[in-house]
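Everything on this sheet refers to the single structure shown next.
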Ligand code: ISL
């Protein structure tokens, strides 16, 4: 058996550069800003940094719309700045993973500019061009080639008057989908990926990588989706498509073969099941190292999705996580996350960002980091940063939120008051407010006008305060990261739920390869009880907790205080 891969013991930190640190006072974070904060990452102890896109981009979707894959956008700096950041991180032993957005480009990418220029342009087929629906007036509502909706509201097709056809965009109209059926597209992408690896980066986080293969009929047709909403659901035709595994394996062969040691390949795969996850990450299949599941992130979604959040059923969360733990135990590997730039802040969502902010943020961290897999920490998560709590629709910057609000208003589906509430709970902007470095103006993020509002709670919630307080969220994350580095059972041990039906306590054991661990987290503001399993509770060693004084343990009966987390090790 091969030794476990390096990333089984690694923790990744995600930087959303636009909101991390501004160095030049234009209100937008940048690469030279990252240089100023490397000590923070070193103090935390992370092994890898993943950068959300910094490529040249019109910024329609904050950089997830790329117009030049081989250059840095001027708002973030230059290629030379990036080289400097990569060198500085490497010097501190931190690897660098780049976001890779290849399901789509910007409509301002030269490939698309050529593609749209005429029906017989050699790059025409690099994107999905389709004629209007038969018998319909081209460009009129309902004449789109299929009834698919886009993730950012409205149809997934945009009419292009110049050639009288529509192009597909699963996201915004400025994000046309690339046609991976065309081998020239794939060659161009692999070429670009090799260029980045040659430049010294250590891997890729692949944006919506399981959308690259679409289901195409023998005659080249795409089929309507079902659903009774405004638009048909495209997912049966676009998610985990028929050639997906073939493409990923080809990419692996063309880009990673022979140079793979030390790299990290993580796919973002909304809609992937455990079985899919295993296919993506079983090393023998040579596709990816790990993928981001969305199953645990969808548990609190009502029928209206992210803008229709419901209270979490903890039992469902435990069952979902446990399925992924078991499914990828003997082959494959899990990426573990609560937060990223697309999700509301976890302490506001599954925790209590008021009276128990510190306790619930550290409890959530403990539960996640004690799973088997590679944990991802999203900037500010380690500070216990909370949702934005914006109270005006005009506070939002995210295209998804803005377009959702416009559509909901146009169709009279939600009142403005309901919209404010829906966005406050579900908007991606909750994760995108500037990192709170100190209590000063703009939280130390910028000397200028920040591109999005700074959370007023930065006067108390900020890195300076967190670093000064040994009991803080920051120091708790630091301890969790160190624990993974030092304890083989944390990295590789088997996972088993304890009292899976307990409505408020998330408890499990980790065992194999060393002294077993018992982990319990109280997902409520009330005291709770759970029975220690897998060891003699009376003799167990307290590895980690989030209260100053030890937990109430009598024999095997463990009493948990509000949002308390406990990690015990068998003596
Ligand atoms: O969750 C989803 C479907 O279940 C979608 O919202 C979608 O899959 C997800 O938002 C994809 O996110 C990634 O690609 C987007 C970009 O806006 C996000 O920021 C990025 O993380 C388009 O590139």
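The values are calculated or read from the model by the stated rules, or taken from the named source; none is laboratory data. From a predicted model like this one, the values you see are computed outputs, not experimental measurements. In this analysis, Cβ positions are derived from the backbone assuming ideal geometry, glycine residues included, and neighbour counts consider all displayed protein chains.
Report, ordered by the first and then the second residue, all pairs with beta carbons closer than 6 Å, sequence separation of six or more or different chains, a first member in the range 60-83 that is assigned by TED's automatic domain parsing to the domain that holds residue 21 and in a strand (DSSP E or B), and a second member that is away from the ligand (no atom under 16 Å from the Cβ) and at pLDDT 95 or above.
Final answer for the pair search is 69/192; 72/78; 72/79; 72/82.
Could you tell me whether residue 358 is within 30 Å of residue 522 (Cα to Cα), at pLDDT 95 or above and outside any loop (DSSP other than H, G, I, E, B)?
So residue 358 fits the description; yes.
Name the residues in the range 273-315 that are assigned to a strand (DSSP E or B), under 19 Å from the mean Cα position of the chain (by Cα) and either assigned by TED's automatic domain parsing to the domain that holds residue 418 or surrounded by fewer than 16 Cβ atoms within 10 Å (Cβ to Cβ) (or both), would you?
Passing the criteria: 301, 305.
Using beta carbons and a limit of 7 Å, which pairs, at least six apart or on different chains, have the first residue in the range 374-391 and on the phi > 0 side of the Ramachandran plot and the second one buried (at least 24 other Cβ atoms within 10 Å of the Cβ) and assigned to a loop (DSSP other than H, G, I, E, B)?
Pairs found: 380/435; 380/436; 384/461.
Filtering the range 324-355 down to residues that are outside any loop (DSSP other than H, G, I, E, B) and touching a strand residue (DSSP E or B) at 6+ places or on another chain (Cβ under 8 Å), which residue is farthest from the ligand (Cβ to nearest atom)?
326
Go through the range 256-272 residue by residue and tally those that are within 16 Å of the ligand (Cβ to nearest atom) and part of a loop (DSSP other than H, G, I, E, B).
Count: 4.
What number of residues within the range 88-109 are within 16 Å of the ligand (Cβ to nearest atom) and either in a loop (DSSP other than H, G, I, E, B) or at pLDDT below 95 (or both)?
The number of residues fulfilling the criteria is 8.
Of everything in the range 384-408, what is outside the structural domain of residue 60 (by TED's automatic domain parsing), in contact with a helix residue (DSSP H, G or I) (Cβ under 7 Å, 6 or more places away or on another chain) and more than 19 Å from residue 309 (Cβ to Cβ)? Give them in sequence order.
Once the filter is applied, which keeps residues that are outside the structural domain of residue 60 (by TED's automatic domain parsing), in contact with a helix residue (DSSP H, G or I) (Cβ under 7 Å, 6 or more places away or on another chain) and more than 19 Å from residue 309 (Cβ to Cβ), the range 384-408 yields only 397.
Does residue 321 fit the bill of being away from the ligand (no atom under 13 Å from the Cβ), over 23 Å from residue 503 (Cα atoms), surrounded by 16 or more Cβ atoms within 10 Å (Cβ to Cβ) and modelled with pLDDT of 95 or more?
no
Can you tell me which of 568, 553 is crowded, with 20+ Cβ neighbours inside 10 Å and touching a strand residue (DSSP E or B) at 6+ places or on another chain (Cβ under 8 Å)?
One residue alone meets the criteria, 568.
Tell me which of these residue 316 doesn't satisfy, since it passes every other one: (1) more than 16 Å from the ligand (Cβ to nearest atom); (2) in contact (Cβ under 8 Å) with a residue 40 or more places away in the chain.
Here residue 316 meets the rest and fails (2).
Output the residue which, of all residues in the range 20-50 that are farther than 17 Å from residue 91 by Cα and within 16 Å of the ligand (Cβ to nearest atom), is surrounded by the fewest Cβ atoms within 10 Å (Cβ to Cβ).
Checking each candidate, the answer is 20.
Checking residue 112 against (1) assigned to a loop (DSSP other than H, G, I, E, B); (2) within 16 Å of the ligand (Cβ to nearest atom): exactly one of these is not met. Which one?
(1)
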